[in-house]
Amino acid sequence: MLIKKPSKIAPSEITSETSFLNRRKFLKQQSILGGGLLGAGLIGNTQAALQPDDDLTPEEIVTSYNNFYEFGTGKSDPVEYAHEMSTDPWTVKVSGDANKTGKFAFEDIVKGLDVEDRIYRFRCVEAWSMVVPWRGVALKDVLQQFEPKTSAKFVEFKTLVRPSEMRGQRAVFQSIDWPYTEGLRLDEAYHPLAIMALGVYGKDLPNQNGAPWRLMVPWKYGFKSVKSIVSIRFTYRQPRNSWNVLAPHEYGFYANVNPAVSHPRWSQASERRLPSSVFNPNRRPTLPFNGYADEVASLYSGMDLAKFY
Ligand code: MTE
């Protein structure tokens with residue numbers, strides 16, 4: 001796939017950054033600079049899942065080729081318009097089957113949680129992919145503060161609705177019934193690879209990537225990773241999720257990356273790793289669970305993954 005805004009990404013920058021910030025150098029740099037921020041065990045895990053040619057996708061691409069329909073459906077709409085969203089103050093409503101519910105300041109929720117750097121492969125259902133250095137907190141740590149009750153089996157997340165600052169929400173033609181909503185089974189949410197990302201490339205998340213925090217579940221298609229979250233709800237019932245509501249035959253609830261189950265309109269067997277061009281498509285096979293099968297496949301044992309897509 002061609003990157004839509006080539007003017008914003010000088011080829012010289014891409015080349016120099018790719019060769020400079022390859023994965024090992026980045027990790028080394030982070031461990032020198034970040035020291036205690038790195039969770040040794042998890043870096044071991046995520047590192048093991050990366051392939052030798054999983055070089056980091058240049059920052060310019062990660063932060064300018066986005067899906068964030070609240071700002072428009074074009075890949076360059078978010079970087080162009082997301083600055084219109086104000087993220088300070090940021091309040092999160094916690095509701096449902098938990099002992100601690102109510103409205104919380106975002107800073108109070110993440111204060112005191114361990115912040116870690118995670119390099120994850122990121123696979124969009126549209127069949128492009130990236131390798132992204134996120135900074136974030138364990139989703140489990142976020143959720144357990146609210147003391148979910150044993151009746152809670154799922155967790156639902158919702159994005160901000162603020163048409164005055166989100167031009168996609170005031171467009172004449174609306175694809176999504178706002179708020180953008182996603183959900184996970186609670187045992188999926190508690191998996192150590194699931195994080196709430198607060199930053200990327202060592203900086204706070206830019207608005208177009210879902211400031212001030214967004215979900216990151218690396219074994220699932222990117223649409224599960226809901227951005228700019230203002231609501232967390234614990235529930236007994238499987239929540240509806242936006243893309244499933246929009247096109248139930250095309251997008252499921254689980255959305256685990258699966259090369260064996262095609263999207264009705266295209267194959268999921270391979271992906272285009274960005275940067276990708278007509279001359280260098282950079283196409284590679286897609287891996288089950290996006291390469292994290294050793295870590296997460298047991299969450300789905302006994303399930304027919306063609307049925308629960
Ligand atoms: N979250 C919201 N609120 N709105 C969106 O349109 N798009 C999803 C996901 N989260 C989306 C969202 C999709 S389809 C993808 S692939 C990823 O965000 C893209 O994340 P990125 O722009 O940081 O690469």
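Is it true that Trp178 is within 23 Å of Arg240 (Cβ to Cβ), open to solvent by less than 30 Å² (accessible area, probe 1.4 Å) and not acidic (Asp, Glu)?
No, not satisfied.
Of the residues that sit in region 182-211 and are part of a loop (DSSP other than H, G, I, E, B) and more than 13 Å from the ligand (Cβ to nearest atom), which one is farthest from Tyr120 (Cα to Cα)?
Selected residue: Tyr190.
Could you tell me whether region 213-229 includes any residue that is open to solvent by 10 Å² or more (accessible area, probe 1.4 Å), outside any helix (DSSP H, G or I), in contact (Cβ under 8 Å) with a residue 24 or more places away in the chain and farther than 18 Å from Trp90 by Cβ?
Yes, because at least one residue in region 213-229 is open to solvent by 10 Å² or more (accessible area, probe 1.4 Å), outside any helix (DSSP H, G or I), in contact (Cβ under 8 Å) with a residue 24 or more places away in the chain and farther than 18 Å from Trp90 by Cβ.
Restricted to region 137-155, and to residues that are among the small types (Gly, Ala, Ser) and either surrounded by fewer than 16 Cβ atoms within 10 Å (Cβ to Cβ) or within 25 Å of Gly202 (Cβ to Cβ) (or both), which residue is nearest to the chain's Cα centre (by Cα)?
Among them, the one singled out is Ala138.
Give region 230-250 a look and list any residue that's surrounded by fewer than 20 Cβ atoms within 10 Å (Cβ to Cβ) and of a type in the set (Phe, Trp, Tyr), or say none.
Of everything in region 230-250, just one residue is surrounded by fewer than 20 Cβ atoms within 10 Å (Cβ to Cβ) and of a type in the set (Phe, Trp, Tyr), namely Tyr236.
Filter region 65-83 for residues that are assigned to a loop (DSSP other than H, G, I, E, B) and either within 9 Å of the ligand (Cβ to nearest atom) or touching an Asp or Glu at 6+ places or on another chain (Cβ under 6 Å) (or both); which is farthest from Val172 (Cα to Cα)?
Tyr65
When you check Ala197 against the structure, is it small (Gly, Ala, Ser), open to solvent by less than 40 Å² (accessible area, probe 1.4 Å) and over 26 Å from Ser64 (Cβ atoms), yes or no?
No; evaluated as a whole, the condition is false for this residue.
Determine if region 273-281 includes at least one residue that is within 26 Å of Ala138 (Cα to Cα) and either assigned to a loop (DSSP other than H, G, I, E, B) or open to solvent by less than 50 Å² (accessible area, probe 1.4 Å) (or both).
No: zero hits.
The values are calculated or read from the model by the stated rules, or taken from the named source; none is laboratory data. Model, not experiment: these values are computed from the prediction. Neighbour counts are summed over all protein chains in view; Cβ atoms, including those assigned to glycine, are modelled from backbone coordinates with ideal geometry. The accessibility values were calculated without ligands, DNA or RNA, using every heavy atom of the protein model including side chains. Shrake-Rupley method; radii C 1.70, N 1.55, O 1.52, S 1.80 Å.
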